[in-house]
Amino acid sequence: VLSHNLCTVLNVPHDPVALEEHFRDDDEGPVSNQGYMPYLNKFILEKVQGNFDKVEFNRMCWTLCAKKNLSKSPLLISDEDAFKVWVIFNFLSEDKYPLIIVPEEIEYLLKKITEAMGAGWQQEQFDHYKIALNTSREGLSAWELIDLIGSGKFSKGMDRQTVSMAINEVFNELILDVLKQGYMLKKGHKRKNWMERWFVLKPNIISYYVSEDLKDKKGDIILDGNCCVEALPDKDGKKCLFLIKCLDKTFEISASDKKKKQEWIQAIQSTVSLLRAGSPPPHKEARQKRKELRQKLLAEQEELERQMKELQAANENKQKELETVRKQLEAAAARAAEEEKKRLQTQVELQDRFSLELEREKMVRQKMEEQVAQKSSELEQYLQRVRELEEMYKQLQEALEDEKQARQDEETVRKLQARLLEEETAKRAELEKWHLQQQQTIQMTEAEKQELENQRMMKEQALQVAMQQLKQLELERKEALEQYEEVKKKLETAANNTKSWKDKVAHHEGLIRLIEPGSKNPHLITNWGPAAFTEAELEERQRSWKGKKAASE
């Protein structure tokens, strides 16, 4: 509901049904994981174009927070006036969270309200309040500001209506950018008659309404840098006349008296000058200057604090240097005492050194005994490795036989697959031939249609039979592929086993050569070093392998 109302007020395109789906009650929505503020920034505020009613937006935000935070004690101002003070607070507050209004901006706002009421400004009273405020905090929150203005502390003797009118005037100036407003007579462009209108001057436009309630708007006078305003002499029974010239139109206006006429002329001329210079409205420019002045004073104060810290740091460094000198003197005295103590301990250390050398000789003798025991253990491990190597050799022969059988299975499957592919190709060629014959039959004349229809039915039946055979061949081909994959995996497993046993044998070949008796015959050299058998043994093993291969074939 909040997102829908925000999108409506800010003129952000949205779909209520999609919003309801987006915020369904589960644990996977954006609010469940990240909270509402990231969703608000990404999906609503980033899509705002600026073409929305800011007063309505402020009123919605006021509705969300006023009931919870607004003071329950009776105030001199109404809820509507409290809303306007809250909006003014948002305009004058500092640009950091939590929002506060500093004493300088409080003084500016209270002066504006006091001037609008026609009362005198009580500077001494505000100075006492400012001193009490600075001792406890940096500024006031929105609700504390509303309590301050609503308490009547700086508007004593004024009734509720006067205070409300003053707040409304300040609100129009600061928030609605109303530079001047009031009743004047305007001459019509068509009927040339004079009608009383309520005029509202803003930084780039003059709007005129039927009355001051601003409900029935009659038109606008668009201002730019090319506009000008001139005083006119009295004519046609109308006094206090002046003329506003724009590019496309001119407007004749009659003020109620000379003072009002001069005020309106000066206000319009000032507005046009600001438009020519590209400057913001006076109250916004004044607020920026006050902010820059506060920042400058704060920077100077920080610089002064930095200099004070540097002086304090320099003083602390001097103290540290004195402390260092004192410690050095104490250390020199301690070193002298330590040297005297070392001279007394020299004799004791010599005696301890002789004792340590005796202990060291005992430890060396003990280490030699441990090394002898370790060598015996290594010899036993060496014999165990020889036995393991013989067992590995037997397993290697079994792995070679498995590899041979796997290769034979692979060849058989490969031949079966080739036969199936040839049959499938022949069937496809036959199907294409029947298809061409069927198309030729369709193109025959109407006289032979009945006879050809019978032949077509027979060929379609034959085609269906052939299609079934083709599907059967396809299934057989898939089964052959699966068998081929299984045989291939077996072959890879046998090859891996063979490689593993070859690596293990290669790793242990050197160990075997160490314990075999030397041979007078020349040794064979393999990729892993000297062979573990002679050339005669190799020939014997080759004849054995060939006999086994012939027997298996």
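The values are calculated or read from the model by the stated rules, or taken from the named source; none is laboratory data. Remember, predicted model here, so these are calculated numbers, not experimental data. Here the Cβ positions follow ideal geometry from the backbone for every residue, glycine too, while neighbour counts run over all protein chains shown. When the accessible area is computed, the model is the full protein with side chains, heavy atoms only, and any ligands, DNA or RNA have been set aside. Shrake-Rupley method; radii C 1.70, N 1.55, O 1.52, S 1.80 Å.
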Among the candidates LEU452, LEU389, single out the residue that is part of a helix (DSSP H, G or I) and touching a residue at least 24 places away in the same chain (Cβ under 8 Å). LEU389
Looking at HIS435, HIS507 in this structure, which one is part of a helix (DSSP H, G or I), open to solvent by 60 Å² or more (accessible area, probe 1.4 Å) and at pLDDT below 80? HIS507
Flagged in the range 1-13 as assigned to a loop (DSSP other than H, G, I, E, B) and open to solvent by 70 Å² or more (accessible area, probe 1.4 Å), in numbering order, are VAL1, ASN11, PRO13
Could you please give the count of residues in the range 114-133 that are surrounded by 16 or more Cβ atoms within 10 Å (Cβ to Cβ) and either in a helix (DSSP H, G or I) or within 32 Å of the chain's Cα centre (by Cα) (or both)? 6
Scan the range 210-224 for residues that are free of Cβ contacts under 8 Å to residues at least 40 places away in the same chain and either open to solvent by 30 Å² or more (accessible area, probe 1.4 Å) or of a type in the set (Val, Ile, Thr) (or both) and jot them down. VAL210, SER211, GLU212, ASP213, LEU214, LYS215, ASP216, LYS217, LYS218, ASP220, ILE221, ILE222
Flagged in the range 86-113 as open to solvent by less than 10 Å² (accessible area, probe 1.4 Å), not in a loop (DSSP other than H, G, I, E, B) and not hydrophobic (A, V, I, L, M, F, W, C), in numbering order, are PRO103, GLU105
So which residues in the range 460-481 are free of Cβ contacts under 8 Å to residues at least 60 places away in the same chain and open to solvent by less than 70 Å² (accessible area, probe 1.4 Å)? GLU460, ALA462, LEU463, ALA466, LEU470, LEU473, GLU474, GLU476
Could you tell me how many of the residues in the range 193-209 are open to solvent by 80 Å² or more (accessible area, probe 1.4 Å) and within 27 Å of PRO282 (Cα to Cα)? 1
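Residues checked against (1) in contact (Cβ under 8 Å) with a residue 40 or more places away in the chain; (2) aliphatic (A, V, I, L, M); (3) open to solvent by less than 40 Å² (accessible area, probe 1.4 Å):
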| position | (1), (2), (3) |
| --- | --- |
| LEU145 | yes, yes, yes |
| GLY150 | yes, no, yes |
| LYS153 | no, no, no |
| MET165 | yes, yes, no |
| ARG191 | no, no, no |
| PRO233 | no, no, no |
| ASP236 | no, no, no |
| CYS240 | no, no, yes |
Given the criteria out of contact with any Lys or Arg (no Cβ under 8 Å at 6 or more places or on another chain), in contact (Cβ under 8 Å) with a residue 40 or more places away in the chain and farther than 28 Å from CYS65 by Cβ, does LYS180 qualify? yes
Can you go through GLU316, GLU285, GLU305 and tell me which one is without any contact (Cβ under 8 Å) to a residue 60 or more places away in the chain and under 30 Å from ASN172 (Cβ atoms)? GLU285
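So that you can scan it fast, the table gives a plain yes or no per residue for (1) open to solvent by 80 Å² or more (accessible area, probe 1.4 Å); (2) at pLDDT 90 or above; (3) more than 30 Å from SER93 (Cα to Cα); (4) not in a helix (DSSP H, G or I):
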{"site": "ARG290", "(1), (2), (3), (4)": "no, no, no, no"}
{"site": "LEU293", "(1), (2), (3), (4)": "yes, no, no, no"}
{"site": "GLU305", "(1), (2), (3), (4)": "yes, no, no, no"}
{"site": "GLU310", "(1), (2), (3), (4)": "yes, no, yes, no"}
{"site": "GLU321", "(1), (2), (3), (4)": "yes, no, yes, no"}
